[in-house]
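Every number in this text was worked out from the coordinates using simple rules, so none of it is lab data. Here the structure is a predicted model, which means the values were calculated and not measured. Neighbour counts are summed over all protein chains in view; Cβ atoms, including those assigned to glycine, are modelled from backbone coordinates with ideal geometry.
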Amino acid sequence: MQPFVAPLEKHQRFRFTCSPHVTCFNACCRNLNQALTPYDVLCLKQFLKMSSGDFLNRYTEESTGPGTGLPVVSLRFSDADDLACPFVSDAGCRVYAARPASCRTYPLARGVSRDRETGRLTEHWAVIREPHCLGFNNGHRQTVDGWVDDQQIAAHNRMNDSLLELISLKNRFRPGPLMPPEKKRIYTALYDLDTFRNDPSYGDRNVATTADAQPFGRSGTGELDLLRVAMDWVRNYLLTVSAEKA
Ligand code: SF4
Ligand code: SF4
């Protein structure tokens, strides 16, 4: 059966509760195709106390966005038969505090549109009802805002909106496929922050270089700054190559 997707206004309430006591526990962590944003990768590698390169090698696969030509990073299944997330266990999510934005947001989905004149972003929300998900039965009634607060999604959304801006910039100024070396450069900047930090060919990164030893959630903000610098590098790169081609 196909999922039922219905638009949801922010003030509207939906009924949903998930807990280890539902009989479908962990069903949503299988049979999935889980793309990670750069901020997802940062949170996960900090939580797991791994370098970005080790995290990417061990847990992810890289592909190319069919519409954008940009690198896409997805979680590699731990079990090819049921397409299980590498972090799911009988007790639940092993990386719950650092789970990706899409896991936090589910069973909602968020889209964003931009006003061409003002540049203002507008959020669009929908609720996804999948037949296997029993969280809608007798669940807690809440608004979208309540869910965003409860699941601590706001910081993810802010960073992911910056990624959407980069995708929009890419489609506008550098449409079509990227050359493999430039795709690799962008992949490194967005996802492999430790390599980005240490690679002098990216120029002056102008951020503290000691944040990688700091724990997730508080002083890891040094790496958040590094990710912002990396995204700026990608933005400038896309604008520079488009100007050179003009
Ligand atoms: S990261 Fe956690 S919540 Fe997300 S799919 Fe994997 S196990 Fe499930
Ligand atoms: S209620 Fe839905 S979100 Fe919760 S474990 Fe079941 S399928 Fe996953």
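Dipole magnitude for the stretch 4-245: about 380 debye, using +1 per Lys or Arg Cβ and -1 per Asp or Glu Cβ, origin at the Cα centre.
Spin-label model, N138 to F173: label points 7 Å out along the Cα-to-beta-carbon direction sit 5.6 nm apart.
When the helices in the chain are scored as -39500 (n - 2.57) per DSSP H run of 4 or longer and the sum is shared across all residues, what 222 nm value do you end up with, to the nearest 500 deg cm²/dmol? Don't skip to the end; give the middle numbers.
Details: 8 runs with 93 residues, N = 246.
My calculation for the chain gives -11500 deg cm²/dmol from helical runs alone.
Note on the stretch 4-245: percent of Cα-Cα distances in each 10 Å bin, starting at 0 and stopping at the bin with the largest distance, equals 7, 28, 35, 23, 7, 1. Considering the options P38, T68, A6, tell which one lies farthest towards the positive end of the dipole of the chain, charges being +1 on Lys and Arg and -1 on Asp and Glu at the Cβ, about the Cα centre. After comparing all options, I get A6. Return one number: the angle in degrees, 0 to 90 and rounded to the nearest 10, between the long axis of the Cα atoms of helix 221-245 and the longest principal axis of the Cα atoms of the chain. Taking Cα atoms only, the helix is inclined about 60 degrees.
When both the stretch 48-89 and the stretch 120-164 are represented by their alpha-carbon centers, they are found 22 Å apart.
A dipole drawn for the stretch 112-192 from +1 and -1 charges on Cβ atoms has a positive end, and of V112, A154, N171 the residue lying farthest that way is N171. For the stretch 76-173, relative contact order (Cα pairs under 8 Å, six or more residues apart, normalised by length) works out to 18 percent. Quick one: helix 180-191 against the long Cα principal axis of the chain, what's the angle to the nearest 10°, folded into 0 to 90? Taking Cα atoms only, the helix is inclined about 60 degrees. Distance between the modelled labels on A126 and E9, one decimal in nanometres: 1.9 nm (7 Å Cα→Cβ projection).
On a 0 to 90 degree scale, rounded to 10, what angle separates helix 38-47 from the longest Cα axis of the chain? That helix lies at roughly 70 degrees to the long axis. Taking every alpha-carbon pair under 8 Å whose residues sit at least 6 apart, the chain reaches a relative contact order of 28 percent. Between R58 and D145, the contour length at 0.36 nm per residue exceeds the alpha carbon distance by 27.8 nm.
Based on the mean of other beta carbon atoms within 10 Å per residue, what is the order of 13-21, 101-109, most packed first? Write out the running numbers ahead of the final one.
Working: 13-21: 13.8, 101-109: 19.0.
Going from most to least packed, we get 101-109, 13-21.
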